[in-house]
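Readers should treat all values here as calculations from the given coordinates under stated rules, not as data from a laboratory. The structure presented is a predicted model; accordingly, all values stated were derived computationally and were not measured. Cβ placement follows ideal geometry from the backbone for every residue including glycine, while neighbour counts extend to all protein chains displayed.
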Amino acid sequence: MPGNGFHIIIDGIDGSGKSTILNAVRDVFATDGKRVLDVPAIWRERGDYPTADEIAEADVICTAEPSTIWVGKAIRAEIIRTGSVYSNRTTAQAFALDRELHYRKIVIPARAAGKIIIQDRGVSSSIAYQAVRDGVSLEEVLAIPGNALALTHSPDVLVIATLSVDTALSRLAARAGKHDDSRYERKADLENLAERYAAPWFRDLFTARGTRIAELSTASDIATVRAASVALVQSFLE
């Protein structure tokens, strides 16, 4: 295990299997006896961030962006809904503010304490989803304080889940319990996003900051994807 903490972000288009990857890794760590802190579970149960003591006691921290509390709750329930009146600039600023809170309360202290952090989505999502859209430049998105902070603390690894857009849409349609009605879950949007995640300029933003890029196909059955996810993450930590 790395001595100064290790941060992995899992990203990709909606429906690409990011949660499947994270859940597989979380379950294996727990089975191996690691103390796993499930941040989204704390958000659901308490409506607040974990305490400093809870972070200190954990070996592995599983987290996500956007959060489901405070700014993140507004993002999910209001800002990104289909038919939203909020501009892309407002959306980008909201995500970045939620991200700044997340980094200051979770990511930065956990990394400094030597924890393993496994994260579903991150600043990579804002770069893919909000940059060069509706008059908002890449430079503007990168300069928003929460995004600039996250890039200063660029992850060790960015795992990009890859899946065809048609399969992703089929999985989204079949997903139970999903109620955010995201305006991004349309075929044209997902095709554009898939191109961005694969683009050299997108990846160069991270590799230039020392982040390793890895791809993981999620086209197979869940058991196969879970096994591949665990093997990939374990290869980073050896």
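Remark: segment 59-133 carries a charge dipole of roughly 100 debye about the Cα centre, counting +1 on each Lys and Arg Cβ and -1 on each Asp and Glu Cβ.
I'd like the distance separating the alpha-carbon centroids of segment 90-165 and segment 36-60, in whole Å. With segment 90-165 and segment 36-60 each reduced to a Cα centre, they are spaced 20 Å. The length gained on full extension between ALA52 and SER217, counted as 0.36 nm times the residue separation minus their Cα-Cα distance, comes to 55.9 nm. Relative to the current alpha-carbon distance between ALA199 and ARG35, full extension at 0.36 nm per residue lengthens the span by 55.4 nm. Using just its DSSP H runs of length 4 or more, each adding -39500 (n - 2.57), the chain gives a mean residue ellipticity at 222 nm of -14500 deg cm²/dmol after division by all residues. A compact globular protein would have a Cα radius of gyration near 2.2 N^0.38 Å; the ratio found for segment 79-125 is 1.42.
Remark: the ARG81-GLU139 segment gains 18.4 nm on full extension, using 0.36 nm per residue and subtracting the alpha carbon distance.
From the Cα trace of segment 118-238, what convex hull volume per residue do you get, rounded to a whole Å³?
Residue-normalised Cα hull volume stands at 126 Å³.
Cα-based radius of gyration for the chain, normalised by 2.2 N^0.38 Å, reads 0.95.
Which FRET efficiency, nearest 0.05, do SER170 and ALA228 yield, Cβ-Cβ r, R0 22 Å? Computed FRET efficiency for SER170 and ALA228: 0.60. Using all pairs of distinct alpha-carbon atoms, the Kirkwood hydrodynamic radius of segment 35-103 works out to 12.9 angstrom.
Only the Cβ atoms of Lys and Arg (+1) and of Asp and Glu (-1) were treated as charged; on that basis the dipole of the chain about its Cα centre amounts to roughly 180 debye. Considering only CYS62, TYR86, ALA113, the residue lying farthest towards the positive end of the dipole of segment 51-125 is TYR86, judged by Cα position with unit charges set on Cβ.
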